[in-house]
Amino acid sequence: MDEAIARYPKDHRRSATMPLLHLWQEHFGFIGHEAVFWIAEKLGLQPINILEVVTFYPMFRQHPAGKTHIRICRTLSCAMAGGLEVMENLCASLGIKRPNDGEETNNPIAVSADGNYSVEFVECLASCHTAPVCMIGEQLHEKVDPNSAADFFRNRQSVIGDPKLAWPPHPLEHRLVYKNIGRPGWTSDIDCYLRDGGYEQLKQALTLSRDDIVNKVKNSGLRGRGGAGFSCGLKWSFIKPDEKRPVYLICNADESEPGTFKDRYIIHEDPHQLLEGMLISCYALGAHTAYIYIRGEFPEGANILERAIEDARQHNFLGKDILGSGFDVEFYIHRGAGAYICGEETGLIESLEGKRGYPRIKPPYFPAVLGLYMCPTIVNNVETLCNIKHIIAMGGAEYARLGRPNNTGTRVLCVSGDVQRPGYFEVEVGAVTMGQLIYEMAGGLRPGRKLKAVIPGGSSAKVLRADERFKIKERQTDGSTSEREIAIDDIAMDFDSLAAAGSMAGSGGVIVLDDSRDMVWALNNLNKFYAHESCGQCTPCREGSLWMQKITDRMLRGGGVVEDPKTLKTIGDNIAGRTICAFGEACAWPTQSFVEKFPEEFAARARKPIPPPLPPEYTSEELIEEESIPTVPMAHDPGWEKAGAKGTI
Ligand SMILES: Cc1cc2nc3c(=O)[nH]c(=O)nc-3n(C[C@H](O)[C@H](O)[C@H](O)COP(=O)(O)O)c2cc1C
Ligand code: SF4
Ligand code: FES
């Protein structure tokens, strides 16, 4: 425990809250009152500071689970592949009775009578291409057959990174960051990495000035791969070269956007590539401490990174005076605990400070101004940071020749859902179209099926309908712009083209739905995810996400009323743009776009003529039991008289 505390600055011991809770839970199985008081005392905090963390993060539990705890993914790609049936069949074979929908939020874990097993639905485990997946204890299990849940327990094997999926790369791929992922003979240890020319770019970078590196990154045109697609070089340039306060780098390895499963493979199979990218970044930014915030559901990834950090330290790539350059830098791993919102960079920073993952109010708009411990902080995604090494190797201008103007380099696209060969594909940004990606790279749809819809950039991206026509503006060589109408298959897989088509490239997670899918069911699945994951700070998001879920739930159960599609849209419209963080948009966009693009399916589920009660769970009679609401005299304030108030409500 003392070692965990020592990873954070002395005056920020609170940051050790989550590591200590993880350690306690690993040892005792759950976090009771004793733990809360003990950890509070150890860190010099109030018990409430610990309790609020325990109750926020889904992975921390206040009651014991079974001896073997099973987490089953319930999010869209897994649900489409039978994840819900896995849970049903597993419970039947283990004799477990699960709580009903209403009770599940407060009581998500169901334990078998003998205490040997417990089950829990969890959100996307970042392995959507091998759906349905679950975790047994700390191990991920992929492609679980819903029909043989009991056999699967007797013969369980973890197969993360099935090489058959990864090698050889598709001819349309251009592998840079994924060059070694799944390569026969490739191992994740430092010797293999060094034999392949590893850490040469770090040596090269240490001979350059910090400005040179930042300029190379600017010239490369690299845009963040975490979701927002913000210019990496521009973000870095917010750090003042003569900054007196400590500067921090945080690697965002939270990878929790449903449909996205690229960062885990980098961590598992090429961890030194990430460390080298981070080392160059720290040197360029003048950061002497970096944290890798890795999602709690990646325990194996956290161990691999710990080992890789130790190996890099042995070779003096990390620590004091690295490679005799006079530059000191330390890396630490910080594990999350199951909250999607900790992928949002300011929620992540709060979480790293040992608090609930509540996104911060803006301004300041960037953690580069005020971030971790109120110091300048750069948060970058795993894939973004790996690209830094390649920018040093190639030079910024050469890197910018990959891809398209304003959409440079390569990126990893993750394809899941109704395709024959789901998986990851690294392509030059914009070099393949949606049609090529789905039909040539991912093997097309199942026999006899037609494309119905695509969610192109993680579950938060607006859905595209297969028979839509998209108006795309194109810049001509003479500087003028022209407009062209294209089909979904012709959309180039880049930031600007997907934005022009009314959606976004986001995190690169492409979820494909065929004509067997019920769009109300699909939206309800996503609505459940967002209702579960809203941090609850903003009323529109906290209440709206739940209302949207309850309405689509009602529609699925046959209780939809004619106003429901309109109500859904109104709720979405009143969330987007009215919240502290971009989760507001992320949860509104699926509802807004599904209802707009598939009106016939929503109308078919909304036939009842009764006006919808609002909020959906109450009727107006239940809401107001009293005929009149008594008024309460309020304390006297002379200001009210001026304002004409009567002093009562
Ligand atoms: C709700 C929400 C969840 C997010 N989840 C992730 C995530 O899991 N991983 C990630 O890298 N970025 C995520 N982001 C984006 C981060 O806030 C941030 O923009 C990103 O880490 C910056 O890195 P980049 O510039 O390299 O993309 C999320 C954003 C939001 C609003
Ligand atoms: S928008 Fe939602 S997730 Fe973001 S701060 Fe508000 S309540 Fe939390
Ligand atoms: S791993 Fe289940 S939906 Fe992503």
Hey, Asp263 hits all of (1) among the charged types (D, E, K, R); (2) within 16 Å of ligand 2 (Cβ to nearest atom); (3) touching a residue at least 40 places away in the same chain (Cβ under 8 Å) but one; which does it fall short on? (2)
Yes or no: region 301-311 includes at least one residue that is closer than 30 Å to Gln201 by Cβ, in contact with a strand residue (DSSP E or B) (Cβ under 8 Å, 6 or more places away or on another chain) and part of a strand (DSSP E or B). no
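The rows are residues; the columns are (1) surrounded by 21 or more Cβ atoms within 10 Å (Cβ to Cβ); (2) in a helix (DSSP H, G or I); (3) touching a strand residue (DSSP E or B) at 6+ places or on another chain (Cβ under 6 Å); (4) polar (S, T, N, Q).
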site	(1), (2), (3), (4)
Ser15	yes, yes, no, yes
Gln25	no, yes, no, yes
Phe30	no, no, no, no
Glu34	no, yes, no, no
Asn49	no, yes, no, yes
Asn89	no, yes, no, yes
Exactly one condition in (1) away from ligand 3 (no atom under 16 Å from the Cβ); (2) more than 21 Å from Val177 (Cα to Cα); (3) of a type outside the set (S, T, N, Q); (4) at pLDDT 95 or above is not met by Tyr340; state its number. (1)
For Gly296, state whether it is more than 17 Å from Leu372 (Cα to Cα), in contact with a helix residue (DSSP H, G or I) (Cβ under 7 Å, 6 or more places away or on another chain) and within 16 Å of ligand 3 (Cβ to nearest atom). no
Take region 581-613 and flag every residue that is within 16 Å of ligand 1 (Cβ to nearest atom) and charged (D, E, K, R). Glu585
In region 346-404, what residues are surrounded by fewer than 20 Cβ atoms within 10 Å (Cβ to Cβ), among the basic types (Lys, Arg) and more than 29 Å from Thr539 (Cβ to Cβ)? Arg401, Arg404
With respect to Asp514, determine if the residue is touching a Lys or Arg at 6+ places or on another chain (Cβ under 7 Å), within 19 Å of Val454 (Cβ to Cβ) and of a type outside the set (A, V, I, L, M, F, W, C). yes
So which residues in region 571-590 are touching a helix residue (DSSP H, G or I) at 6+ places or on another chain (Cβ under 6 Å), part of a loop (DSSP other than H, G, I, E, B) and either without any contact (Cβ under 8 Å) to a residue 24 or more places away in the chain or surrounded by 18 or more Cβ atoms within 10 Å (Cβ to Cβ) (or both)? Ala576, Thr579
Counting only residues that are touching a Pro at 6+ places or on another chain (Cβ under 9 Å) and at pLDDT 95 or above, how many does region 455-487 have? 8
Looking at (1) touching a residue at least 60 places away in the same chain (Cβ under 8 Å); (2) more than 13 Å from ligand 1 (Cβ to nearest atom), can you tell me which one Gly319 breaks? (1)
Does Ser209 satisfy the criteria of being surrounded by fewer than 16 Cβ atoms within 10 Å (Cβ to Cβ) and modelled with pLDDT under 95? no
Can you tell me which residues in region 549-570 are surrounded by 23 or more Cβ atoms within 10 Å (Cβ to Cβ), out of contact with any Leu (no Cβ under 6 Å at 6 or more places or on another chain) and part of a helix (DSSP H, G or I)? Gln549, Met555, Asp564, Pro565, Leu568
Selection count where residues are free of Cβ contacts under 8 Å to residues at least 60 places away in the same chain and either within 16 Å of ligand 2 (Cβ to nearest atom) or in contact with a strand residue (DSSP E or B) (Cβ under 9 Å, 6 or more places away or on another chain) (or both), scope region 96-129: 16
Hey, Asp254 hits all of (1) within 16 Å of ligand 1 (Cβ to nearest atom); (2) free of Cβ contacts under 8 Å to residues at least 40 places away in the same chain; (3) among the charged types (D, E, K, R) but one; which does it fall short on? (2)
So Asp151, is it modelled with pLDDT of 95 or more and in a helix (DSSP H, G or I): no
Would you point out the residue of region 346-381, among those that are assigned to a helix (DSSP H, G or I) and β-branched (Val, Ile, Thr), that is nearest to ligand 1 (Cβ to nearest atom)? Thr346
Would region 412-419 turn up any residue that is under 25 Å from the mean Cα position of the chain (by Cα), within 16 Å of ligand 3 (Cβ to nearest atom) and in a loop (DSSP other than H, G, I, E, B)? yes
When the residues of region 201-227 are narrowed to those that are in a loop (DSSP other than H, G, I, E, B) and closer than 27 Å to Arg264 by Cα, which ends up farthest from ligand 3 (Cβ to nearest atom)? Gly221
Answer with yes or no whether Arg245 is basic (Lys, Arg), within 16 Å of ligand 3 (Cβ to nearest atom) and over 18 Å from Arg7 (Cα atoms). no
If we keep only residues of region 534-543 that are in a helix (DSSP H, G or I) and within 9 Å of ligand 2 (Cβ to nearest atom), then the residue nearest to Glu52 (Cα to Cα) is Arg542
Being farther than 18 Å from Val432 by Cβ and crowded, with 20+ Cβ neighbours inside 10 Å is true for just one of Val510, Val463. Which residue is that? Val463
Options Ala531, Ala499, Ala431, Ala487: the member that is surrounded by fewer than 23 Cβ atoms within 10 Å (Cβ to Cβ), under 19 Å from Glu123 (Cα atoms) and among the small types (Gly, Ala, Ser): Ala531
With the requirement that a residue be closer than 23 Å to Asn525 by Cβ, assigned to a loop (DSSP other than H, G, I, E, B), away from ligand 2 (no atom under 16 Å from the Cβ) and not polar (S, T, N, Q), what does region 55-76 give you? Met59, Arg74
Go through the residues of region 228-235 one by one and say whether even a single one is within 16 Å of ligand 2 (Cβ to nearest atom), part of a loop (DSSP other than H, G, I, E, B) and at pLDDT below 95. yes
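The values are calculated or read from the model by the stated rules, or taken from the named source; none is laboratory data. A quick note: this is a predicted structure, and the numbers were derived from the prediction, not measured. In this analysis, Cβ positions are derived from the backbone assuming ideal geometry, glycine residues included, and neighbour counts consider all displayed protein chains.
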